[in-house]
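For reference, the structure is listed below as structure tokens.
The values are calculated or read from the model by the stated rules, or taken from the named source; none is laboratory data. Because the structure is a prediction, the values reported are computed rather than measured. Cβ placement follows ideal geometry from the backbone for every residue including glycine, while neighbour counts extend to all protein chains displayed.
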């Protein structure tokens, strides 16, 4: 099998596929594509492609021209401005995109969670393609352990089914969805949402992501409940270890040690896959950003190494790009972080990608650009969707625009009362507004959630994470300075 950009080529199945398209090729056409993929950036003559692709059968140049045209059509390529197959006049053809040959492990050994997704009612009421495509992409990003299938059939290996139905009620669209465990027939989760009838493509993608996010949360919770019943951790698969590790985003030393061990074992099990390297980098960067890394210098070195390995294995995997982009941004490699998250926006223009790109711009001390990205996110949010509002507030704080930051800080505390950063931002805002006594009480609430937090540590953390210059830093901690 081969990977190039968003495409996977499976010669045995005669398939080229991405998250949003799948094409079955004729054997001769696939043979030509495989020859090109095995020789990237090398010009292959028409005679060579005809001899190898048709195995000595006598055919004319038209057969090759047709095969190239079919390949380009399947990949959405253009002969005048090619991304994949380039015509070299009087010499032949060349495959110009980066290609990676992959030997996929047995899905059973990975512990993939297979989900069949189907829109069962109301397809004619919405942009069904945008919703289905976004659902699949979001689930794949949230945990690359999720393998999304088009539908349930008698031969399907899916363990779960997500069914979505839409109907028009009183001038609005009513969305309802349910997640079922196909192994035992139980209903895992049901939910619903109401939206306007006339949605833009971006808003349809926003609804798709919201459904995907809620479903992913419940699915991971359900999987985790089952995994906790296992008494021998050695029985866990590659993705089961990473699912466990993702739950240990905690200040607790024992949980951090358990998470690190899970990732270490996953790396031993499947060193050729990028996901555990990307997960390790993001977890370590979170420790560095929160000041709890056991050895900051060593952690930064491991983050850099893990990102380099993950991106070398697969530079176009969304899960990898976003996690590595965030990790590198947190350790002040801002150009790389912004470039990676920008690449994610190009591959997957969605709330998720814009959110991570906005974070990278904020880490990089580029608040004006971050505000523009955040405004776009707010326009894409489905009605009633809760967002990480603290991420919207921080660029305004960097700019010293406290009146703009205040409402988002209040929303952040309301919706994320267990996040110490939200209380820290509120304490800072209250002091800026002159209520220092209340600000000190609010700061104490942050300390309850993060017992080792100190005033100087809080200011240092904000400076290291978000204060790219003296003015930005002064703006960020203006309230904390008057405690």
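What the table shows:
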quantity: Test result for residue 157, over 23 Å from the mean Cα position of the chain (by Cα), modelled with pLDDT under 90 and surrounded by fewer than 20 Cβ atoms within 10 Å (Cβ to Cβ); calculated: yes
quantity: Meets criteria (modelled with pLDDT under 95, in contact with a helix residue (DSSP H, G or I) (Cβ under 8 Å, 6 or more places away or on another chain) and closer than 18 Å to residue 403 by Cα) for residue 472; calculated: yes
quantity: Those helices (runs of 4 or more DSSP H) lying entirely in segment 42-142 with at least 2 residues crowded, with 17+ Cβ neighbours inside 10 Å and on the phi < 0 side of the Ramachandran plot; calculated: 46-53, 61-75, 128-142
quantity: Filter pass, residue 19 being touching a helix residue (DSSP H, G or I) at 6+ places or on another chain (Cβ under 8 Å) and not in a helix (DSSP H, G or I); calculated: yes
quantity: Residue list for segment 294-331, restricted to those being without any contact (Cβ under 8 Å) to a residue 24 or more places away in the chain and either outside any helix (DSSP H, G or I) or within 15 Å of the chain's Cα centre (by Cα) (or both); calculated: 294, 295
quantity: Residue match in segment 301-323 (condition: modelled with pLDDT under 95, in the same structural domain as residue 397 (by TED's automatic domain parsing), over 22 Å from residue 100 (Cα atoms) and in contact with a helix residue (DSSP H, G or I) (Cβ under 9 Å, 6 or more places away or on another chain)); calculated: no
quantity: Looking only at segment 336-354, and only at residues there that are more than 19 Å from residue 311 (Cα to Cα) and either surrounded by 19 or more Cβ atoms within 10 Å (Cβ to Cβ) or modelled with pLDDT of 95 or more (or both), the one that is nearest to the chain's Cα centre (by Cα); calculated: 352
quantity: Residue within segment 271-279 that is in a helix (DSSP H, G or I), more than 14 Å from residue 331 (Cα to Cα) and touching a residue at least 60 places away in the same chain (Cβ under 8 Å) present; calculated: yes
quantity: Exclusive hit being in contact with a helix residue (DSSP H, G or I) (Cβ under 8 Å, 6 or more places away or on another chain), under 30 Å from residue 350 (Cβ atoms) and outside the structural domain of residue 138 (by TED's automatic domain parsing), set 85, 29, 59; calculated: 85
